[in-house]
Amino acid sequence: MQGPVIVLANAGSGRQQARIEHLAEPLAAAGLQPELRLIRHGHALQAEARRARDRAATVIAAGGDGTVTAVAEALLGSPAALGILPLGTFNFFARSLGLPPDPADAAQALIGGQVMAVPVGEVNGRLFLNNASLGLYPALIERREAAYARWGRSRVTAYWSALRLLCSYDRPSRLRITVDGRTTHVRSPMVFIAQNAFQLDQYGMAEGADLIRAGQLAIYVAPELRRWQLLGFALKMALRRARPYRDFTLEGGQDVLIETRSPRRSLARDGEREKMQAPFHFRHLPAALNVLVPAAEAARMAGTPVTAPGTAPGGLAA
């Protein structure tokens with residue numbers, strides 16, 4: 001291994017701290033030298049990650065997709081590799097790299113892993129690993145976080161808060177969308193731009209996943225619907241019965257510009273809601289982020305035989 005391994009995580013409760021400390025034990029047992037950094041405030045995560053990338057070959061993010069995205073953004077364009085210990089609800093990016101859902105198993109899988117360069121998405125200079133969206137989805141995140149604060153984090157809570165929002169949402173927007181130079185004018189409650197094929201596969205959206213594997217962003221535009229129609233549309237999506245070109249618009253592209261009447265709007269980026277200045281410029285960035293993946297997944301991605309654990313170049317080999 002080249003340089004120390006720095007494990008970054010939001011501190012959370014004392015129980016969460018103990019859990020993260022426990023996850024660093026397999027790395028130390030393998031002869032590595034993990035430095036655990038528990039960050040008290042989420043806004044300090046990127047600053048700490050930038051400091052870590054200048055002195056470590058590998059920076060491990062322990063958390064959900066939001067934490068992973070924050071650390072990944074700080075590492076973008078540097079030689080440092082991102083490792084992940086999944087601690088979130090969905091962990092789509094970690095799972096797309098072949099990491100086990102159990103964080104202890106993921107820690108073991110990182111040992112002897114291999115560094116691979118993977119594509120990412122960008123909107124107005126900000127990174128996203130899974131998706132970014134305007135309209136309905138940012139409102140859903142706001143409602144979901146309020147439900148989490150009251151009932152605790154779970155998939156059931158997430159789905160219930162989404163259902164409640166769909167029963168009351170009625171704010172379609174006028175949008176000017178330009179994809180690789182082709183412009184359309186639409187009125188829609190939501191635009192969803194995905195860059196993680198694994199996440200789309202999980203929801204039965206194979207057409208969009210194929211666009212991403214072909215090196216593009218998958219751009220979904222929901223139709224203008226009345227409130228009760230929107231609920232039916234969401235049900236179709238949940239049951240995997242919605243089809244592109246019939247129930248919604250799907251297009252692939254590497255460069256997307258979305259212009260709105262409002263100069264500043266809420267945008268969701270990998271599950272985190274934020275205000276951003278319009279227009280919204282999305283780009284596909286190929287092979288932009290170095291990530292540490294298990295040896296078997298690295299072999300599959302590269303189409304080569306599996307490297308024996310502990311000998312993968314550039315990984316967490318002791």
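So for the range 99-112 (the condition being at pLDDT below 95, over 14 Å from the mean Cα position of the chain (by Cα) and among the acidic types (D, E)), does at least one residue qualify?
yes
Tally time: how many residues in the range 37-68 are under 22 Å from G271 (Cα atoms), touching a residue at least 40 places away in the same chain (Cβ under 8 Å) and hydrophobic (A, V, I, L, M, F, W, C)?
6
Which one of P79, P26, P34, P119 is surrounded by fewer than 23 Cβ atoms within 10 Å (Cβ to Cβ), in contact (Cβ under 8 Å) with a residue 12 or more places away in the chain and in contact with a His (Cβ under 9 Å, 6 or more places away or on another chain)?
Result of the check over P79, P26, P34, P119: P119.
Here are some residues: Q229, Q216, Q202. Which one is under 20 Å from V118 (Cβ atoms) and at pLDDT below 95?
When all the criteria are applied, what remains is Q202.
What number of residues in the range 46-63 are surrounded by fewer than 24 Cβ atoms within 10 Å (Cβ to Cβ) and out of contact with any Asp or Glu (no Cβ under 9 Å at 6 or more places or on another chain)?
8
Of the numbered conditions (1) within 30 Å of E21 (Cα to Cα); (2) in a strand (DSSP E or B), G121 fails exactly one; give the number of that condition.
So G121 meets the others, but not (1).
The values are calculated or read from the model by the stated rules, or taken from the named source; none is laboratory data. This is a predicted model, so every value here is computed, not measured. Note that each Cβ is placed from the backbone with ideal geometry, even for glycine, and that neighbours are counted across all protein chains shown.
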